[in-house]
Structure formats: structure tokens, C-alpha cells
Amino acid sequence: MLAGIRIGAWTLTALLAASPAWSAADYAREKKWAEEIVPGIVVGEPVTLTDPHGRRFLAIYTETKNAKAAVVVVHGMGVHPDWGLISTLRSQLPDMGYTTLSVQMPVLAAEAKPEQYEQTFPEAAQRLAAAVAYLKAKGYSKIALVSHSLGARMSAYYLVNHAHAPVSAWVAIGHSGPFKDAQNLKIPVLDLYGEQDFPQVLAAAPQRAAAIERIPGSAQVTVKGADHFFNGHESALAAEVGAFLDRTLAAAR
């Protein structure tokens, strides 16, 4: 596995250069996250990705030898690519044979409400496309998305609006509400949530199960005792994700 490296202040400045006028994201907050987390990265290395508008953003690449496949790890609302359970997944999945690329998603101001984030979904999709392209350029033919909470909704937007995206499987962790436009999902989906998850996650679980029932290889799993953030159940979360990827990507072309 690659050792952690640091990047200089000039790189952080370039990483978070001025944005296109159409974007609603809070790039100052994103810059603050990068400045805080990059010096402390121990597992993996920070890399710079670029969207179609030339905006650069942070990702953390963790490579493993003879990887089975690669995984784009997508965080939830208003956090960063080394936060909480995302840090666990991006660090533990390489031990299970999966290279990971944890990506900084667009963030809004700290007081923003979840529904306001929908305006960032097009930019989120561009970042996911850039992450997948980065892994393809590294030679990975099998790529999965593993996403949490709002990141799962961003991933769903990307997948349903990019029918030919070179992604082989998707793990949606703590997805709130039903899967929107689920008829456009074409790849195996793991709908994974905690037994004590948020009410909106639990209430829509039957709808999500029905939506993915038609997709071969898909499943719904509840982690006993876990809350929305899988506090104290991080290893169980990683094990469920790894098992699904092993089953699904083994059959993927």
C-alpha cells in the first residue's frame, strides 16, 4: 500500500482555484478541509483531479498490490474524503484487495440544509466521472462506487444520468428516501443501512428493495445495532461492503 505524502501550500491553492460562475459550492470551506486533512494523511496519497470546467479538487488514492478492482469512495453532506466511516472504508478496503479513491464532493455552507445540496448534483456527477476516468487511466477495468448518505444520492444522480458510465457495482450506504429514477439503474446495487438509521432511510427501505429486486446481483442488508454513521460498527460495515464487491465484481466483465 502506498505511504502517505504531503503536498505543498501552492498545490492546495491550485487545487481550489476559482470556480465557474454557475457552481453553488462553497470552495472556501472545501479549501479549509483540504488544508486540515492533507498534512495528516498516513494511508494513501493526496491527488489532484480536474472537472470539465478546469476546477481542481482533492482525492485520496490508496493503492494495493494485485488489486481485484478499484473503488470510488463518496462521502456525505458537508464533510471530506477522510472523514469518519469514509476513512475506514478507504483504508480497510485495500486490505481486502481493493484500491480506493476517496473523492472530495461539493460542499455548501455549514448551515445549508440537505435539500439545498441538490443544486450541486451536476457538479458532483462531473467529479465522479473524473474519478472513474482517473482509475481507468490507472488500468482498472472493474470499478465500483461506495457512497454514504448524501454521497449516495449524488452517486445515484451520476448513475441514472450516465447510463454508460464504466461502473460495475454500487454500494449505497444510508440512502435517504427511495432510489429516484431507479428504472435507469443497470448495475448490481447493495442497499446497506443501519438497524437504527435515520427515519427517512428506514421508511423507504421497502421501496428501495423493490426497486433493485429486478437487478441481478443486487441485495439489501441491514447492519444490526448500527446507526446512520455506523459508530462502533465500522468493521461490520467494511466487511459487508467487501463481501458484496467480492460477489459482484467477480462476475463483472
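The values are calculated or read from the model by the stated rules, or taken from the named source; none is laboratory data. If you're wondering where the values come from, they're calculated on a predicted model, not measured in any experiment. Using ideal geometry, Cβ is built from the backbone for each residue, glycine included, and neighbour counts are taken over all protein chains shown. For the accessible areas, the whole protein counts, side chains as well, though only heavy atoms, and no ligand, DNA or RNA atoms are used. Shrake-Rupley method; radii C 1.70, N 1.55, O 1.52, S 1.80 Å.
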Between Arg214 and Lys186, the two model label points (7 Å from Cα along the beta-carbon direction) sit apart by a distance in nm of 1.4 nm
In Å², rounded to a whole number, the accessible area per residue of the chain with probe 1.4 Å is 42 Å²
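Give me the percent of Cα-Cα pairs in region 64-191 that sit more than 17 Å apart, rounded to a whole number. Can you show the working numbers first?
Values: 4348 of 8128 pairs.
Percentage above 17 Å: 53.
Loop-only check: which GluC sites (Glu not before Pro) in region 106-180 are DSSP coil with at most 15 other Cβ within 10 angstrom?
Working: sites: Glu111, Glu115, Glu118, Glu123; in loops: Glu111.
Passing both the DSSP loop test and the Cβ count: Glu111.
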With only helices counted (DSSP H, runs n ≥ 4, each -39500 (n - 2.57)), the per-residue ellipticity at 222 nm for the chain, to the nearest 500, works out to -10500 deg cm²/dmol
Computed over the chain: longest principal axis from alpha-carbon atoms vs helix 121-137 long axis, angle to nearest 10 degrees, is 90 degrees
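Treating only the Cβ of Lys, Arg, Asp and Glu as charged (+1, +1, -1, -1), what charge dipole size does the chain show about its Cα centre? Round to the nearest 20 debye.
Details: 22 positive and 22 negative charges, 157 e Å.
Dipole size: approximately 760 debye.
Taking the Cβ-Cβ separation of Gln116 and Gln196 as r and a Förster radius of 22 Å, what is the calculated FRET efficiency to the nearest 0.05? Numbers along the way, then the final one.
Working: r = 26 Å, r/R0 = 1.19.
Here the calculated transfer efficiency is 0.25.
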Taking Cα atoms, the helix 150-161 axis meets the longest principal axis of the chain at an angle in degrees (rounded to 10) of 80 degrees
Taking a label point 7 Å from the Cα of Lys136 along Cα-to-Cβ, the residues of region 154-183 whose backbone nitrogen sits under 12 Å from it are 163-168
The rounded separation in angstrom of the Cα centers of region 196-228 and region 150-176 is 15 Å
Here the net charge surrounding Arg56, from other residues whose Cβ is less than 14 Å away from its Cβ (Lys, Arg +1; Asp, Glu -1), is 0
The extension gain from Lys65 to Val42, computed as 0.36 nm times the residue separation minus the Cα-Cα distance, is 6.5 nm
Of the candidates Ser149, Gly54, Thr120, the farthest towards the positive dipole end of the chain (Lys/Arg Cβ +1, Asp/Glu Cβ -1, centred on the Cα centre) is Gly54
When the chain is treated as a Gaussian network with springs between alpha carbons less than 10 Å apart, the largest mean-square fluctuation among Ala152, Ala25, Ala236 is found at Ala236
Taking Cα atoms, the helix 27-37 axis meets the longest principal axis of the chain at an angle in degrees (rounded to 10) of 90 degrees
